[in-house]
1. Extension gain residue 205-residue 263, at 0.36 nm per residue separation less the Cα-Cα distance, in nm?
2. Along the positive direction of the dipole of region 100-246 (beta-carbon charges: Lys, Arg +1; Asp, Glu -1; about the Cα centre), which of 117, 207, 244 reaches farthest?
3. Highest mean first, how do 11-21, 214-224 rank when packing is the count of other Cβ atoms within 10 Å averaged over residues?
4. Nearest 0.05, what FRET efficiency do residue 274 and residue 68 give at R0 = 30 Å with Cβ-Cβ as r?
5. Using alpha-carbon pairs under 8 Å, 6+ residues apart, how would you state the relative contact order of region 158-272 in percent?
6. Where nothing but the Cβ of Lys and Arg (+1) and of Asp and Glu (-1) is charged, how large is the charge dipole of the chain around its Cα centre, in debye to the nearest 20?
7. Within region 144-167, name every residue whose backbone N is under 19 Å away from a label modeled 7 Å from Cα of residue 250 along the Cβ vector.
8. I want to check the label-to-label distance for residue 109 and residue 149. Put each point 7 Å from Cα in the C-beta direction and report it in nm to one decimal.
Amino acid sequence: MQIRYGYRIEIHCQQELPMVTLLDVHPSRRLDLVRPDEMLVKSLRDPARPVQVDQYLDQFGNICRRILAPAGGVLLQSEGVAHDSGEPDPVAPEAREVPPSQLPNEALVYLLGSRYCETDKLSGTAWNLFGQIEPGWKRVQAIVDFVHNHLTFGYHFARSTRTAAEAFEERVGVCRDFAHLAVALCRCMNIPARYCNGYLGDIGVPPNPAPMDFNAWFEVYLGRRWYTFDARHNTPRIGRIVIARGRDATDVAMVSSFGPHQLGAFEVVTEEIETATHPANIAMQASSWPRQMALS
């Protein structure tokens, strides 16, 4: 199957604004791109004026762009088409935990506490809740089930400063809170877990009246590979397109700015398209931007 994806974001600022974005599809999915998602950056005040943009990979292997937005602000826009297997997230009940002493070096950082995932505050709770559950897939699924049932989802609950421990106490949140709490509980049980964000449309499921095409989920290291879990939806999904991975939302913020600004527009599209669709028609469809989204 093929998935059309993209975004249109306006950021308004009175003065020059240095920014870093993580909006490009992750390098691990670049070979699946039928049409790459090259970011278009335009000055809102003077569209013909060149805008300084540089690209680099961060320490987690994510594609970052450094942008110097001119006074007045910028338009960030991208559209692409990705090939996808059409298969839901893999399920491997036989996958076992790997003892910390046998983990690869690059997985160790995902055992540690981080800005939004306070393992020190949740360790006792985690072992009380999940210490008697069979190690491996069954234990991770128990954590996912717990978080899914413990938190109530709602966009009006969004708060950018909420941590995993606070989500546990408040029992509300958006997709990032579900992911943070599940990640923290897994790490407390010595299971490496990393935070992910990316595109996830309503493919293979009933349409959601409040869609979230940018979503957060997480991955755990079991059986010497990474597996996808989603505490918000708690069911294997089709068509995930990962953008970035990190310790928590701090590492994968889609836009980080270094000065005052206002968000003028935020629109996202993620949908399955017919493989026979002509490229010209795809481009025309992409300009319609049928969904305007709220950040979670």
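1. Working: separation 58, 0.36 × 58 = 20.88 nm, distance 3.04 nm.
Full extension of this stretch gives 17.8 nm more.
2. Checking the options against the dipole of region 100-246, the answer is 244.
3. 214-224, 11-21
4. With a Förster radius of 30 Å, E is 0.15.
5. On the way: 168 pairs, mean separation 30.6, N = 115.
Computed value for region 158-272: 27 percent relative contact order.
6. It works out to roughly 340 debye.
7. Of the residues in region 144-167, 159-167 have backbone N under 19 Å from the label point off residue 250.
8. 3.5
Every read-out reported here was derived from the displayed coordinates using simple, explicitly stated rules and does not represent laboratory data. Computed from a predicted model, the values in this text were never measured in an experiment. Because the Cβ atoms are built from the backbone with ideal geometry, glycine has one as well, and the counts that use them run over all protein chains shown.
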